[in-house]
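For reference, the structure is listed below as structure tokens.
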Amino acid sequence: MSTLSNTVDAPRVPVLADSFANSWAKNAALVFGGALFMVLCQQISIAVPPSPVPITGGTLGVMLIGSALGSKRGISSMILYLLMGLFLPVYSEGREGLEVLVNSASSGYFLGFVVSVYVVGWLAERGTDRKFLTAFVSFVGAQLIIFGFGLAGLKLVTGEDWSWVIHNGFTIFIIGGLVKAAIGAIAMPAAWKLSEKTR
């Protein structure tokens, strides 16, 4: 509990992007770059029938974008990505359009992306992304946020019972989620070490 309290009460510390974001133009470029990175992550898509939700790189994208950019730039990138999908085929499986965003099996997960990227960014601003253990815990928590919104949306859209929703919207993704959390928890401290060496 004391560790959690210390994290919550800690003052903001720089995130990786703060080393580059010294102008409005560079901040805008970072936000746009974050959105493009999310596009790439979402194109990693594996169907897992009978679930209507594919395995994607999106949750890993959320973790890395939030940690690298921080809360405000992170949420801006995620919103920009979702808006791009209204007109371009940038959602998973090459989908696009308002119907996919607000009335599909993925809709709740999309909302979870927005909330989660802000939370991960806020935690990174308290230094959680600089060590494997704190980054891993942060990233597992971020995915639980995504799944929380995702399951609610999946229930509303499909009308299936909760056992079906939980199995097809969460249980089958647990192992992959832990692997992605570990990848992110290795990548972020490594990125910090590289950043410190190049200063």
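Numbers at a glance
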| read-out | value |
| --- | --- |
| Any hit, segment 56-69, residues being modelled with pLDDT of 95 or more, of a type in the set (A, V, I, L, M, F, W, C), under 15 Å from F32 (Cα atoms) and out of contact with any Ser or Thr (no Cβ under 9 Å at 6 or more places or on another chain) | yes |
| Residue match in segment 140-149 (condition: over 18 Å from L111 (Cα atoms) and under 18 Å from the mean Cα position of the chain (by Cα)) | no |
| When residues of segment 40-76 are limited to those that are assigned to a helix (DSSP H, G or I) and more than 12 Å from the chain's Cα centre (by Cα), the one surrounded by the most Cβ atoms within 10 Å (Cβ to Cβ) | R73 |
| Criterion violated by V120 - all others in (1) surrounded by fewer than 22 Cβ atoms within 10 Å (Cβ to Cβ); (2) closer than 22 Å to Q42 by Cα satisfied | (1) |
| Residue match in segment 148-158 (condition: assigned to a loop (DSSP other than H, G, I, E, B) and surrounded by fewer than 16 Cβ atoms within 10 Å (Cβ to Cβ)) | no |
| Any chance A21 is surrounded by 15 or more Cβ atoms within 10 Å (Cβ to Cβ), of a type outside the set (D, E, K, R) and more than 24 Å from I183 (Cβ to Cβ) | yes |
| Positions within segment 137-168 being closer than 15 Å to S51 by Cβ, free of Cβ contacts under 8 Å to residues at least 40 places away in the same chain and of a type in the set (A, V, I, L, M), in sequence order | V165, I166 |
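Residue-by-condition table, conditions (1) outside any helix (DSSP H, G or I); (2) buried (at least 17 other Cβ atoms within 10 Å of the Cβ); (3) of a type outside the set (G, A, S):
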position: V140; (1), (2), (3): no, yes, yes
position: E160; (1), (2), (3): yes, no, yes
position: L178; (1), (2), (3): no, no, yes
position: I183; (1), (2), (3): no, no, yes
position: A190; (1), (2), (3): no, no, no
position: S195; (1), (2), (3): no, no, no
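The values are calculated or read from the model by the stated rules, or taken from the named source; none is laboratory data. Quantities reported herein were computed from a predicted structural model and do not represent experimental measurements. Methodologically, a virtual Cβ is constructed for each residue, glycine included, from the backbone with ideal geometry; neighbour enumeration extends over all protein chains shown.
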